[in-house]
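One structure is given below, encoded as structure tokens.
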Amino acid sequence: MPTDPRDFLTAAVTAAGVTATNNVHVQDHSHQAVPSDVALRVKSLESLLIEKGLVDPAALDAIVDLMEHKVGPRNGARVVARAWVDPAYKERLLKSGTASVAELGYSGWQAEDLQVLENTPKVHNLIVCTLCSCYPWAVLGLPPVWYKSAPYRSRAVIDPRGVLRELGTELPEDVEVRVWDSTAEQRYMVLPERPAGTEALSEEALAALVTRDAMIGVAKVMSPQT
Ligand code: FE
């Protein structure tokens, strides 16, 4: 039975010895009256640093704005959509990820040495950082909590098919699964397969179909009608 990614995440953080509820639901609780312990600590630290004149509040706002609006998986989705509609771009992208994502304005932010891996009907790529949480921020944003969890990091290499199955992606036995372990220097991004029935879609509409999980390789991009 496919498991909701949230269940996998819950299991992952529980196994990591962390209180799952607090972590899994952090983003859902913006309405709660009392901020979380982490939020309070961050606020206290921020206030102290500003009070001591060690950081400029405007600089902090600029970083938050960057993370919220400019760095994120939408960037990677635009790269994928461009590769789907422009064969010459796709060829460049697979040859030199870093230079090709920079063509679309995405550079730095952990994409200094980026390799893009193409999924095909016979090959499925999956990315992980077994050591910590290396991730191409410029194109995928910040890594999800489960990507950083010990269970994902270990199981992705030991039993990638099992991890994919739990996340809802069942691959036929004749599909080769390749697991790519990121390092401090080398980052990866998956170029998912273009789904059937999308021939008439614009590049923008195609980009809207592409998910973060598909670019990590734990999901496929679904046709619009599914
Ligand atoms: Fe890492």
Compute the FRET efficiency between Ala205 and Leu171 as 1/(1 + (r/R0)^6), taking r as their Cβ-Cβ distance and R0 = 30 Å, and round to the nearest 0.05. 0.70
Please report how far the C-alpha centroid of the range 45-101 lies from that of the range 135-210, rounded to the nearest whole angstrom. 18
Exactly which trypsin sites (Lys or Arg not before Pro) in the range 82-159 are in a DSSP loop and have at most 14 other Cβ atoms within 10 Å? Lys122
How do Val38, Val139, Val128 rank when sorted from fewest to most other Cβ atoms within 10 Å of their own Cβ? Val38, Val128, Val139
Mean Cβ count within 10 Å, highest first, over the residues of peptides 83-89, 53-59, 42-48: 83-89, 42-48, 53-59
Each residue of the range 145-162 in order: what ³J(HN,Hα) in whole Hz does its phi give by Karplus 6.51 cos²θ - 1.76 cosθ + 1.60, θ = phi - 60°, with x for Gly and Pro? 4, 5, 5, 8, 6, 4, x, 5, 4, 7, 6, 4, 8, 7, 9, x, 5, x
Kindly put Met67, Met222, Met189 in sequence by how many other C-beta atoms sit within 10 Å of each C-beta, fewest to most. Met222, Met67, Met189
Check His124: other-chain or 5+ apart residues with amide H under 5 Å from its amide H, H built from backbone geometry? Glu176, Val177, Arg178
Quick calc: nm separation of the 7 Å Cα→Cβ label points for Arg178 and Ser133 -> 2.8
With an 8 Å cut-off on Cα pairs and a minimum separation of 6 or more residues, tell me the relative contact order of the range 109-214 in percent. 41
Sorted by chain and then number, the residues having a modelled amide H within less than 5 Å of the amide H of Gly141, at least 5 places away or on another chain, are Gly72
With θ set to phi - 60°, apply the Karplus curve 6.51 cos²θ - 1.76 cosθ + 1.60 along the range 73-81 and write out the HN-Hα couplings as whole Hz, x wherever there is a Gly or Pro. x, 5, 4, x, 4, 5, 4, 4, 4
Let a ≥ b ≥ c be the square roots of the eigenvalues of the Cα gyration tensor of the range 72-216; is it rounded (a/c under 1.5), or, if not, prolate (a/b larger than b/c) or oblate? oblate
Gain on full stretching of the segment that runs from Leu94 to Ala150 - 0.36 nm per residue minus C-alpha separation: 17.2 nm
First measure r as the distance between the Cβ atoms of Thr120 and Glu185, then evaluate 1/(1 + (r/R0)^6) with R0 = 25 Å and state the FRET efficiency to the nearest 0.05. 0.45
Violating pairs (Cα-Cα greater than 23 angstrom) within the set Lys90/Lys122; Lys148/Lys220; Lys70/Lys122: Lys70/Lys122
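Since every read-out is calculated from the coordinates, none of them should be taken as a lab result. In this text the structure is predicted, and so the values were computed from the model without any measurement. Reconstructed Cβ throughout: ideal geometry from the backbone, glycine too, with neighbour counts over all protein chains shown.
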